[in-house]
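Visitor: Have a look at this one before I ask anything.
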Amino acid sequence: MKILITGAAGGFAYLTALTLAERGHFVYLTCHTQKEVKYVKEKVKDYKNINVFKVDITNKEDRLKVLNLDIDCLWNNAAVGQGGSLLEADIDKVKDNFEVNVFSTLRLTQIVLQKMVNENKGRIIITSSMARYTATPFISFYAATKASESLIIKALQRELFLIGSNVKVVLVEPGLYCTGFNHLVLDSKYDNGKYFKSIKKPIHTIENLAFKLLEKKNFDSIVVQVVRAVEDKNPKKVYRAPFFQTKLIKLYSIFD
């Protein structure tokens, strides 16, 4: 299978790309910048079935690169995170968060999906997040982008069913993994803020404690789920990991 992955310069997307290549697939591993491309190319130079190049999903020319590729599966993983409270958030930054995580992801999906529907084959995977289920202070903007993605993709699954398409669209919803991404989102809430300045330290202490308890340092569980999302003949609509956090989210949804 030929698989294109966005936002795969690091984290579990990078590890999944290696796993998929080791399982015999051909992987188009894409990065946001040329600097990342150079770094990743050096790391994967021994893999003959990995092609690394730049795809900034917010750039139209970069998105159109995929038209020239014969791919069986697109995994939309690229994302950014903006933290903050509505009380003092820079709305332009919030708009940028939606531009990357929702609009640019959907633009790229459209390009590939239309081709797949015309050929009546293929698979689209979208990385959402378990954060979409929680009204957690200071990450609501990021969570909202992921909630939007999940809702749109669930509707798309039903639309494809109505036209009898063989194209599969799948959601992957990871929980907390120690990639560094979560801390970047939360740290961004302090930029030039004043209303929460007096309680910044205790909030930060609680957040760090929560991450220490919940973040998974080993990525194997989510890598397994993504590989299943790619390879399962009849894939589930949603794949989630880690298991314990999946159960916590279900419990949270009952009492929220």
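The values are calculated or read from the model by the stated rules, or taken from the named source; none is laboratory data. Remember, predicted model here, so these are calculated numbers, not experimental data. All Cβ positions, glycine included, derive from the backbone under ideal geometry; neighbour counts span all protein chains shown.
Visitor: Across the stretch 192-211, what is the total count of residues that are in contact (Cβ under 8 Å) with a residue 24 or more places away in the chain and farther than 21 Å from residue 89 by Cβ?
Guide: Summing the residues that are in contact (Cβ under 8 Å) with a residue 24 or more places away in the chain and farther than 21 Å from residue 89 by Cβ in the stretch 192-211 gives 1.
Yes/no matrix, rows are residues, columns are (1) part of a loop (DSSP other than H, G, I, E, B); (2) free of Cβ contacts under 8 Å to residues at least 24 places away in the same chain; (3) touching a Gly at 6+ places or on another chain (Cβ under 7 Å):
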position: 179; (1), (2), (3): yes, no, yes
position: 186; (1), (2), (3): no, no, yes
position: 189; (1), (2), (3): no, no, yes
position: 213; (1), (2), (3): no, yes, no
position: 218; (1), (2), (3): yes, yes, no
position: 222; (1), (2), (3): no, no, no
position: 225; (1), (2), (3): no, no, no
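Visitor: With the structure loaded, tell me whether residue 131 is closer than 19 Å to residue 225 by Cα, free of Cβ contacts under 8 Å to residues at least 24 places away in the same chain and outside any strand (DSSP E or B) or whether it fails that test.
Guide: yes
Visitor: Condition first: basic (Lys, Arg) and either under 18 Å from the mean Cα position of the chain (by Cα) or farther than 24 Å from residue 168 by Cβ (or both). Now tell me which residues in the stretch 56-71 satisfy that.
Guide: Listed by number, the residues that qualify are 60, 63.
Visitor: Say whether the condition of being of a type in the set (Lys, Arg) and either surrounded by fewer than 19 Cβ atoms within 10 Å (Cβ to Cβ) or at pLDDT below 95 (or both) is met by at least one residue in the stretch 179-194.
Guide: Yes: the stretch 179-194 contains one or more residues that are of a type in the set (Lys, Arg) and either surrounded by fewer than 19 Cβ atoms within 10 Å (Cβ to Cβ) or at pLDDT below 95 (or both).
Listed here are the residues, each with its yes/no results for (1) touching a strand residue (DSSP E or B) at 6+ places or on another chain (Cβ under 9 Å); (2) within 19 Å of residue 76 (Cα to Cα); (3) among the hydroxyl-bearing types (Ser, Thr, Tyr).
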residue	(1), (2), (3)
147	no, yes, no
151	no, yes, no
154	yes, yes, no
162	no, no, no
183	no, no, no
186	no, no, no
234	yes, no, no
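Visitor: Among the residues of the stretch 78-90, is there at least one that is part of a helix (DSSP H, G or I) and either among the charged types (D, E, K, R) or surrounded by 17 or more Cβ atoms within 10 Å (Cβ to Cβ) (or both)?
Guide: No, the stretch 78-90 contains no residue that is part of a helix (DSSP H, G or I) and either among the charged types (D, E, K, R) or surrounded by 17 or more Cβ atoms within 10 Å (Cβ to Cβ) (or both).
Visitor: Follow-up. Of the residues in the stretch 23-37, how many are more than 24 Å from residue 121 (Cα to Cα) and either assigned to a helix (DSSP H, G or I) or out of contact with any helix residue (DSSP H, G or I) (no Cβ under 6 Å at 6 or more places or on another chain) (or both)? Give the derivation first.
Guide: Here is the first cut: in the stretch 23-37, the residues more than 24 Å from residue 121 (Cα to Cα) are 31-37.
Filter once more, so that each one left must be either assigned to a helix (DSSP H, G or I) or out of contact with any helix residue (DSSP H, G or I) (no Cβ under 6 Å at 6 or more places or on another chain) (or both): 32-37.
Of the residues in the stretch 23-37, 6 are more than 24 Å from residue 121 (Cα to Cα) and either assigned to a helix (DSSP H, G or I) or out of contact with any helix residue (DSSP H, G or I) (no Cβ under 6 Å at 6 or more places or on another chain) (or both).
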